[in-house]
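J.: Just dropping this structure here.
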Amino acid sequence: MNYYVMTLFPEMIENGMHTSIIGRAIERGCLSLSTVNIRDYSVTGNGRIDDYPYGGGAGMVMQAEPVYRAYEALAGRLGRRPRLIYLTPQGRVFDQGMAVSFAVEQELVFLCGHYEGVDERVLDEIVTDFVSIGDYVLTGGELAAMVMMDAISRMVPGVLSNQESGQYESFQDGLLEYPQYSRPEEWRGRLVPPVLLSGHHGKVGRWRRDQSLLRTLKSRPELLEKAELDRYDRDYLQRLARGEAGAVTPEEQSFLAKLLAISEKA
Ligand code: ADE
């Protein structure tokens with residue numbers, strides 16, 4: 001995977017990406033990262049790339065031409081026109097499924113806006129994907145681009161040392177991750193759940209799956225509506241709904257009752 005980031009703050013991207021797992025993957029050659037300073041494509045000769053918005057209003061707008069030239073120069077060098085992702089709160093909200101589908105690309109280009117935005121005409125002309133990382137407003141697209149690159153990179157073969165660690169984590173199968181414990185067995189009076197010390201792989205697996213279901217119910221119940229649930233999962237959720245397995249609120253019980261009625265009909 002080769003990443004290209006069009007930005008006014010290349011050092012922010014370089015500093016953020018050359019650390020930890022992603023930094024090591026870049027060193028090993030599993031990933032590459034190049035930044036493009038949009039300011040280098042200023043058309044005014046003094047490095048300015050923004051101007052006042054037509055129609056008035058606060059803030060400045062990034063001009064179309066420098067952004068266009070930056071992308072065209074890159075596409076010319078590559079001999080291809082890779083997907084161009086514009087980071088914006090107006091975009092489609094990023095999720096794990098999008099990370100998986102972006103990870104198969106050979107190249108991805110990110111356009112990081114600043115000020116009040118980017119002239120709409122250049123966005124219409126060159127952007128292929130409008131992506132938001134959540135319903136809040138950042139001061140620029142750089143952090144959002146780094147969030148996306150981090151999540152996408154984990155899905156690129158060879159980036160994680162143990163491919164399994166990518167497979168079983170939250171969202172891979174539409175559920176949140178189960179809790180993890182390490183030594184000591186007792187910490188400040190809190191014990192590791194005994195089933196994890198039993199050495200019984202089947203029971204450990206079932207317990208973890210149940211914990212994933214319970215956590216998802218408590219924190220992100222809407223994910224349960226889309227998750228693939230087997231007979232054992234539904235059994236556990238039935239018991240939760242009846243108040244026979246774990247502490248669930250009356251609201252959670254009625255949510256489950258509806259969910260199970262629906263998924264049994266389907
Ligand atoms: N730029 C500013 N806010 C953003 C967000 N929430 N997601 C992506 N890009 C942004």
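The values are calculated or read from the model by the stated rules, or taken from the named source; none is laboratory data. Worth saying up front: this structure is predicted, and the values here are computed from it rather than measured. Methodologically, a virtual Cβ is constructed for each residue, glycine included, from the backbone with ideal geometry; neighbour enumeration extends over all protein chains shown.
J.: Residue check: is SER182 loosely packed, with under 12 Cβ neighbours inside 10 Å and either of a type in the set (Gly, Ala, Ser) or in contact (Cβ under 8 Å) with a residue 40 or more places away in the chain (or both)?
T.: Considered against the rule, which asks whether it is loosely packed, with under 12 Cβ neighbours inside 10 Å and either of a type in the set (Gly, Ala, Ser) or in contact (Cβ under 8 Å) with a residue 40 or more places away in the chain (or both), SER182 comes out as yes.
J.: Which of the residues that make up segment 97-117 are under 25 Å from SER32 (Cβ atoms), touching a residue at least 40 places away in the same chain (Cβ under 8 Å) and either within 11 Å of the ligand (Cβ to nearest atom) or exposed (fewer than 15 other Cβ atoms within 10 Å of the Cβ) (or both)?
T.: Matches in segment 97-117: GLN106, PHE110, LEU111, CYS112, GLY113, HIS114.
A quick yes/no check of all residues on (1) within 11 Å of the ligand (Cβ to nearest atom); (2) of a type in the set (Phe, Trp, Tyr); (3) in contact (Cβ under 8 Å) with a residue 60 or more places away in the chain; (4) surrounded by fewer than 21 Cβ atoms within 10 Å (Cβ to Cβ):
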residue: VAL122; (1), (2), (3), (4): no, no, no, no
residue: ASP129; (1), (2), (3), (4): no, no, no, yes
residue: GLY134; (1), (2), (3), (4): yes, no, no, yes
residue: MET148; (1), (2), (3), (4): yes, no, yes, no
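J.: Same structure, new question: Please work out which one of (1) within 16 Å of the ligand (Cβ to nearest atom); (2) surrounded by 11 or more Cβ atoms within 10 Å (Cβ to Cβ) is the condition ALA58 fails and give its number.
T.: The single condition ALA58 does not satisfy is (2).
J.: Could you pull out the residue among LYS218, LYS226 that is closer than 26 Å to LYS203 by Cβ, in the same structural domain as ARG206 (by TED's automatic domain parsing) and surrounded by fewer than 15 Cβ atoms within 10 Å (Cβ to Cβ)?
T.: LYS218
J.: Pairs, please: C-beta under 8 Å, at least 6 apart or cross-chain, first residue closer than 14 Å to MET149 by Cα and in the same structural domain as MET146 (by TED's automatic domain parsing) and in segment 76-94, second within 14 Å of the ligand (Cβ to nearest atom) and polar (S, T, N, Q)?
T.: These pairs meet every condition: LEU87/SER132; PHE94/SER132.
J.: Being over 30 Å from GLY174 (Cβ atoms) and modelled with pLDDT under 95 is true for just one of ASN37, ASN46. Which residue is that?
T.: Being over 30 Å from GLY174 (Cβ atoms) and modelled with pLDDT under 95 holds for just one of ASN37, ASN46, which is ASN46.
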